[in-house]
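Since the structure comes first, as structure tokens, the remarks are kept for the end.
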2 protein chains.
Amino acid sequence: MSIACAIKDLEALLKDRLQISPSSRVGHGQNEAYFPQYLPDAVAFPTSSAEVSQVVQICLRHGCPIVAYGAGTSLEGQHLPVLGGIALDMVQMGQVLEVRGPDLNVVVQPGCTRETLNQHLRDHGLFFPVDPGANASLGGMAATRASGTTAVRYGTMRENVLALEVVMADGRIIRTGTAARKSSTGYDLTHLMVGSEGTLGIITELTLRLQGIPEAISAATCNFESVDAAVQTVILTIQSGIPMARIEFVDEMMVRGFNLYANLKLPEKPHLFIEFHGSLSGVAEQAKEFGEIAKDNGAQGFSWAERSEDRAALWKVRHAAHQASGMLAPGKRTLATDICVPISHLAKAVTRAQDMCSTRDLVATIVGHVGDGNFHCAVRFDPGAPDEVAKVQQFSDDLCALALSFGGTISGEHGIGLGKVKYMHAQHGQALTEMNAIKKAFDPKGIFNPGKMLP
Amino acid sequence: MSIACAIKDLEALLKDRLQISPSSRVGHGQNEAYFPQYLPDAVAFPTSSAEVSQVVQICLRHGCPIVAYGAGTSLEGQHLPVLGGIALDMVQMGQVLEVRGPDLNVVVQPGCTRETLNQHLRDHGLFFPVDPGANASLGGMAATRASGTTAVRYGTMRENVLALEVVMADGRIIRTGTAARKSSTGYDLTHLMVGSEGTLGIITELTLRLQGIPEAISAATCNFESVDAAVQTVILTIQSGIPMARIEFVDEMMVRGFNLYANLKLPEKPHLFIEFHGSLSGVAEQAKEFGEIAKDNGAQGFSWAERSEDRAALWKVRHAAHQASGMLAPGKRTLATDICVPISHLAKAVTRAQDMCSTRDLVATIVGHVGDGNFHCAVRFDPGAPDEVAKVQQFSDDLCALALSFGGTISGEHGIGLGKVKYMHAQHGQALTEMNAIKKAFDPKGIFNPGKMLP
């Protein structure tokens, strides 16, 4: 069998850095979303780009699937080896290789996590802004084009990856992009790899843009009488050009989840969680302008977090949305939708989503990076109950159709993986031909993350 | 002959919107750089995406080259039909289709120019920030991944194209991207098309990000005793995080050119031309912080332009760099280099470039979007004098090698076209395999802009 032959060759190469124990396989076949377990046949732990190249060459020779594994936090099953094969765990390629402070960039290995990088950068007065909440690996974040709470100010992985080293399907190691801030030299392979979900190559090194830690940071929460009032505040804030660092919507049900999860006593009303970055006077000015818009929309209960530890506590709660949603229906799994719409349609989209949840009797929370027009409904259901599965799938289908009808997208940041393959035709139509052509040109034998993204 | 057959079919389709007159062909075979004239066999003027599709299908059937033509302002010969065939002039597809003010985006046709768009947007309180100087077409700017003076604040075309409609080599019309601010659904075809210089498809519609016109804008010039002092000011300004809207370096020779061209009396010293955007207090704060850094580096002769007409005059001079360089050696042509380096190497790179010009006795000016690490040496030479040609080519080779040795790029914004094909291997190495694979997959018969970009 081809996979068995690959494993034999990989054992000779990697020795005890190839694991076939049930515990290691199970540890790489789980997911935080609602997908069943898919076990890899073996787990490889490479330590260098050259070794990744050797692993890929072995897999190519035997037609063995190979799926990169970072922190396992993807939400559409991107890291699940649905056809078995090799899970390529990047944990031993997790170094910060070079901080180039004066150039505001850093070179990291793909297994380095977001939090590790930011701890490393703190003494340099710098930070990497993209923050999906989970302590994801930077390779995984690039592969899924992740973003999160700060994208409204600093962009997504799309805007923050300057250059990559990638191992291609034939084992060649290529470099894309440069350390310069811009370039106009040929096809943009960096952006092609960012968001390709491990289907075109294995990212082995990343050069990332950094930001200086702002002179002043201030965060706050406030609440509103209605979803519409909160969302209108967001729309007006973005349209007025206030450079928000974060502006997050949290609905009543999500607040209830936070209260249960973190033992808080927030009023069960729609909230905004916000943050300002800038100079001292700049932050004061932003806060004043935002405050005026919010108060015009009936905002109440402003709670400010000026100190670093208070802000950390605030965002720790917000980032626990996935776990906090779980408190509302213990024992079930979560399907997290991820639509993103042009901001003029945001209020309609959020209201419709809430209506759909309530009329269909779904237990769901809504949180969102609403400054970008992106929000998630986390719907709890039992994957073993066919009627519940059918209901949440129908909800997901309808919400994606809504996003497309508004000129938006079925995924703002979670990606396609397994869960959204069925929407790719509706999203891209004719352009799927080009995506398939690229896949075929780059990975003709289909060894990289088969069964993902492309229908 | 295949081109002749294509022309026959195109005449039947387009009637008098296919021109084969010498004047029309010559008008589409010129360039502002140093390349010889290359005539298309015919010039087509499509009026719709469907018609572009029909034109492409005819060209495919007959294996006839097709080269998109916007405003003809590209500086590496991207629009020159080196193998003849059809110049596809987009002038009749120049409409602003839809301004979506609340969503801060706009839909335009590819022949719409930057200035036309900004005039159209003024009443909406919005502007499109990418400003390469020339009144280029937006389709051409996307195709060459253009940027310019404001990229330091607002990014290049890479960051400002949200979505595209593109006619592919088989005539299919695809859509890439969405009107949402971010998306994570499949391969990033938008970024693949941006910068592809008409070699993968014909852009027929663009959705572009817009910015609100800032409350306050202030511009200034100042001069320095040395290149190094000016460039160090830039480096410190960028590293300190001041959100400069423009920060342009102009060397002594360029100032001489401006003085001759615009009849000015600027001191012939290295200058910075700068602009601040923001709230009234924000601009004041930025100007104060920049002023302190500049004065620490010996800046003198601050001249402020607060009024809109004064700023327009200031930037009109800066944007006339190409013509002003011409004043220094009338009757010759210009080779404009375009390297971009990580900002920590900027001072070394500019100084080395100046030294190379003076020791080699080249008449050259230097201007640069130095906030991005990008600068141009405009070298005057006589294309008919082999020794002058050899000298400027050697200079260009050496400067590109310098950029690569600093981890930078051979082109920050002008692109590859004809002039920089020879450096593509040094820039990309193994990754050229993937670029060629994409070209072959998208345009197997090689009808789109043959002879450009890929060696």
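Scanning the range A:11-59 for residues that are part of a loop (DSSP other than H, G, I, E, B) and farther than 20 Å from A:Lys452 by Cβ yields A:Ile20, A:Ser21, A:Phe45, A:Pro46, A:Thr47, A:Ser48. Just one residue in the set B:Lys439, B:Lys445 is touching a residue at least 24 places away in the same chain (Cβ under 8 Å) and over 30 Å from A:Arg209 (Cβ atoms); that residue is B:Lys445. Taking the criterion of being closer than 29 Å to B:Leu454 by Cα and either of a type in the set (D, E, K, R) or free of Cβ contacts under 8 Å to residues at least 40 places away in the same chain (or both), the residues of the range B:196-223 that qualify are B:Glu197, B:Glu205. You will find that of B:Ala441, B:Ala431, B:Ala403, the residue that is facing chain A (nearest Cβ under 10 Å), buried (at least 17 other Cβ atoms within 10 Å of the Cβ), closer than 22 Å to B:Leu83 by Cα and among the small types (Gly, Ala, Ser) is B:Ala441 and no other. Scanning the range B:112-121 for residues that are in contact with a Phe, Trp or Tyr (Cβ under 9 Å, 6 or more places away or on another chain) and buried (at least 19 other Cβ atoms within 10 Å of the Cβ) yields B:Arg114, B:Leu117, B:Leu121. Taking B:Ala151, is it within 23 Å of B:Leu75 (Cα to Cα) and either of a type in the set (Lys, Arg) or in contact with an Asp or Glu (Cβ under 6 Å, 6 or more places away or on another chain) (or both)? Criteria met by B:Ala151. Farther than 30 Å from A:Ser53 by Cα, at pLDDT below 95, touching a Phe, Trp or Tyr at 6+ places or on another chain (Cβ under 7 Å) and not small (Gly, Ala, Ser) - does that describe any residue in the range A:370-380? Yes - at least one qualifying residue is present in the range A:370-380.
Among the residues of the range B:263-284, the ones that are within 18 Å of B:Val152 (Cα to Cα) and charged (D, E, K, R) come to 1 in all. For the range A:170-195, filtered to residues that are at the interface with another protein chain (Cβ under 8 Å from one of its Cβ atoms) and charged (D, E, K, R), the residue that is surrounded by the most Cβ atoms within 10 Å (Cβ to Cβ) is A:Arg181.
Report whether or not B:Thr365 is within 14 Å of another protein chain (Cβ to nearest Cβ), in contact with a strand residue (DSSP E or B) (Cβ under 7 Å, 6 or more places away or on another chain), more than 15 Å from A:Arg181 (Cα to Cα) and crowded, with 20+ Cβ neighbours inside 10 Å. It is false that B:Thr365 is within 14 Å of another protein chain (Cβ to nearest Cβ), in contact with a strand residue (DSSP E or B) (Cβ under 7 Å, 6 or more places away or on another chain), more than 15 Å from A:Arg181 (Cα to Cα) and crowded, with 20+ Cβ neighbours inside 10 Å.
With respect to A:Ala50, determine if the residue is small (Gly, Ala, Ser) and crowded, with 19+ Cβ neighbours inside 10 Å.
no
Can you find a residue that is assigned to a helix (DSSP H, G or I) and in contact with a Leu (Cβ under 6 Å, 6 or more places away or on another chain) anywhere in the range B:383-390? Write out each step before concluding.
Applying the first criterion (assigned to a helix (DSSP H, G or I)) to the range B:383-390 yields B:386-390.
With in contact with a Leu (Cβ under 6 Å, 6 or more places away or on another chain) added as a condition, the list becomes none.
No; the residues of the range B:383-390 include none that is assigned to a helix (DSSP H, G or I) and in contact with a Leu (Cβ under 6 Å, 6 or more places away or on another chain).
Residues in the range A:307-333 that are basic (Lys, Arg), in a helix (DSSP H, G or I) and touching a residue at least 60 places away in the same chain (Cβ under 8 Å): A:Arg311, A:Arg318.
Filter the range A:196-212 for residues that are under 18 Å from A:Leu104 (Cα atoms) and in contact with a Ser or Thr (Cβ under 9 Å, 6 or more places away or on another chain); which is farthest from the other protein chains (Cβ to nearest Cβ)? Give the derivation first.
Within the range A:196-212, the first condition is being under 18 Å from A:Leu104 (Cα atoms), and the residues that meet it are A:205-212.
So of that shortlist, the ones also in contact with a Ser or Thr (Cβ under 9 Å, 6 or more places away or on another chain) come out as A:205, A:207, A:212.
Details: A:Glu205: 13, A:Thr207: 9, A:Gly212: 4 Å.
Ranking the qualifying residues of the range A:196-212, first place goes to A:Glu205.
Just checking, how many residues over the range A:1-40 are touching a Cys at 6+ places or on another chain (Cβ under 7 Å) and at pLDDT 95 or above? It would help to see each step written out before you state the result.
Step one: of the range A:1-40, the residues touching a Cys at 6+ places or on another chain (Cβ under 7 Å) are A:2-3, A:6.
Retained after the next criterion (residues that are at pLDDT 95 or above): A:3, A:6.
The qualifying residues number 2.
The condition of being under 30 Å from B:Ala163 (Cβ atoms), surrounded by fewer than 24 Cβ atoms within 10 Å (Cβ to Cβ), at pLDDT below 95 and out of contact with any Ser or Thr (no Cβ under 7 Å at 6 or more places or on another chain) holds for only one of A:Ala347, A:Ala320, A:Ala305, that being A:Ala347. Only residues that are in contact with a Phe, Trp or Tyr (Cβ under 9 Å, 6 or more places away or on another chain) and closer than 29 Å to B:Leu210 by Cβ were counted across the range A:197-231, and they come to 15.
Contact annotation: residue pairs with Cβ atoms under 8 Å, 6 or more positions apart or on different chains, pairing a residue in the range B:57-72 that is at negative phi with a partner that is crowded, with 21+ Cβ neighbours inside 10 Å and among the charged types (D, E, K, R), are B:Tyr69/B:Asp89. The residues of the range B:412-434 that are assigned to a helix (DSSP H, G or I) and in contact (Cβ under 8 Å) with a residue 12 or more places away in the chain, listed by number, are B:Val421, B:Lys422, B:Tyr423, B:Met424, B:His425, B:Ala426, B:Gln427, B:Leu432.
Of the residues making up the range B:394-411, those that are part of a helix (DSSP H, G or I), of a type outside the set (A, V, I, L, M, F, W, C) and under 21 Å from the mean Cα position of the chain (by Cα) are B:Ser396, B:Asp397.
Identify all residues within the range A:273-285 that are within 9 Å of chain B (Cβ to nearest Cβ) and not in a strand (DSSP E or B); write none if there are none.
Step one: filter the range A:273-285 for residues within 9 Å of chain B (Cβ to nearest Cβ), giving A:278-279, A:281-282, A:285.
Listed by number, the residues that qualify are A:Ser279, A:Ser281, A:Gly282, A:Glu285.
The residue of the range A:78-102 that is surrounded by the most Cβ atoms within 10 Å (Cβ to Cβ), among those that are within 14 Å of chain B (Cβ to nearest Cβ) and modelled with pLDDT of 95 or more, is A:Gln78.
B:Glu292: assigned to a helix (DSSP H, G or I), under 26 Å from B:Glu215 (Cβ atoms) and within 14 Å of chain A (Cβ to nearest Cβ), yes or no? So B:Glu292 passes the test.
A quick yes/no check of all residues on (1) in a helix (DSSP H, G or I); (2) of a type outside the set (Lys, Arg); (3) more than 10 Å from every other protein chain (Cβ to nearest Cβ); (4) crowded, with 20+ Cβ neighbours inside 10 Å:
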position: A:Glu225; (1), (2), (3), (4): no, yes, yes, no
position: A:Gln232; (1), (2), (3), (4): yes, yes, yes, no
position: A:Met244; (1), (2), (3), (4): no, yes, yes, yes
position: A:Met253; (1), (2), (3), (4): yes, yes, yes, yes
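Just one of the numbered conditions (1) assigned to a helix (DSSP H, G or I); (2) out of contact with any strand residue (DSSP E or B) (no Cβ under 7 Å at 6 or more places or on another chain); (3) hydrophobic (A, V, I, L, M, F, W, C) is not true of B:Val82: (1). Counting residues in the range B:334-354 that are over 20 Å from B:Ser405 (Cα atoms), more than 14 Å from chain A (Cβ to nearest Cβ) and in contact (Cβ under 8 Å) with a residue 60 or more places away in the chain gives one or more.
Looking at A:Met193, A:Met168, which is the one that is in contact (Cβ under 8 Å) with a residue 12 or more places away in the chain and touching a Ser or Thr at 6+ places or on another chain (Cβ under 7 Å)? I'd like the intermediate steps shown before the answer.
On the way: A:Met168 fails: touching a Ser or Thr at 6+ places or on another chain (Cβ under 7 Å).
Exactly one of A:Met193, A:Met168 is in contact (Cβ under 8 Å) with a residue 12 or more places away in the chain and touching a Ser or Thr at 6+ places or on another chain (Cβ under 7 Å), namely A:Met193.
The values are calculated or read from the model by the stated rules, or taken from the named source; none is laboratory data. Since this is a predicted model, take the numbers as computed values, not measurements. Using ideal geometry, Cβ is built from the backbone for each residue, glycine included, and neighbour counts are taken over all protein chains shown.
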